[in-house]
1. Are any of the residues in the stretch 110-118 more than 12 Å from the chain's Cα centre (by Cα) and either part of a helix (DSSP H, G or I) or not β-branched (V, I, T) (or both)?
2. Of all the residues that make up the stretch 120-171, how many are within 13 Å of F104 (Cα to Cα), touching a residue at least 12 places away in the same chain (Cβ under 8 Å) and β-branched (V, I, T)?
3. Out of all the residues in the stretch 90-98, is one or more assigned to a loop (DSSP other than H, G, I, E, B) and either modelled with pLDDT under 95 or touching a Leu at 6+ places or on another chain (Cβ under 6 Å) (or both)?
4. What's the number of the only condition in (1) under 15 Å from the mean Cα position of the chain (by Cα); (2) at pLDDT 95 or above; (3) farther than 24 Å from E2 by Cβ; (4) surrounded by 15 or more Cβ atoms within 10 Å (Cβ to Cβ) that F136 fails to meet?
5. Taking the residues in the stretch 42-73 that are assigned to a helix (DSSP H, G or I) and among the hydroxyl-bearing types (S, T, Y) as candidates, determine which candidate is surrounded by the fewest Cβ atoms within 10 Å (Cβ to Cβ).
6. For the stretch 104-119, check the following and say yes or no: at least one residue is of a type in the set (D, E) and under 20 Å from K25 (Cα atoms).
7. Count, please, the residues in the stretch 150-171 that happen to be of a type in the set (A, V, I, L, M) and crowded, with 19+ Cβ neighbours inside 10 Å.
Amino acid sequence: MELICQAIGIIAMILSVTSFQMKTKKQIIVMQCMTGVVFAIHYFMLSDGAGIAGGVVNVIAIVRNLVFYFNYLPIFKSKLWVIFFAAVMGGSAIVSRCEPISVFMCIAMVFNTLAVSAEKPIDTRKMILISSPFAFVYNVVIFSLGGIANEALVEIITLITFCREKRLTQK
């Protein structure tokens, strides 16, 4: 069972990294929803309930991503949605699993919410650079191989993008 669980986490990581290759924000959001579904399954399957906080925030992230996907509709245009989802992500540690490590994933997802709601790509990347280390530590402690690989790759890809953009602006 553990092997299947870790394999599902690796599939989620592949989906996550693939989302960076999408051309439009809508495509990225769709891919992130798929990633959230697979990561939620993975986290809920981890032994001893270690990944409950990760599973809960990924379910919340799916809903959040759908709201952001449909932000052209009047009901979803408000910036209050960002505050709402950041608060729900932060509060989810209390209801999901009252262990100190759970707070790390919740903090990561608060910054992730700010990242996906940012208007400028540079602001998105800055928030990702803040969120990923929290998620990385969480994944190390609960032993999620897909989560560890995902956060390491996200940090590397984001840093490479920063360097590339800096080099392009200097030319």
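The values are calculated or read from the model by the stated rules, or taken from the named source; none is laboratory data. Predicted, not measured: the structure shown is a model, and the values here were computed from it. Because the Cβ atoms are built from the backbone with ideal geometry, glycine has one as well, and the counts that use them run over all protein chains shown.
1. The answer is yes, given that some residue of the stretch 110-118 is more than 12 Å from the chain's Cα centre (by Cα) and either part of a helix (DSSP H, G or I) or not β-branched (V, I, T) (or both).
2. 4
3. yes
4. Every condition holds for F136 apart from (3).
5. Only one residue fits best here, namely S47.
6. yes
7. Adding up the residues that qualify gives 1.
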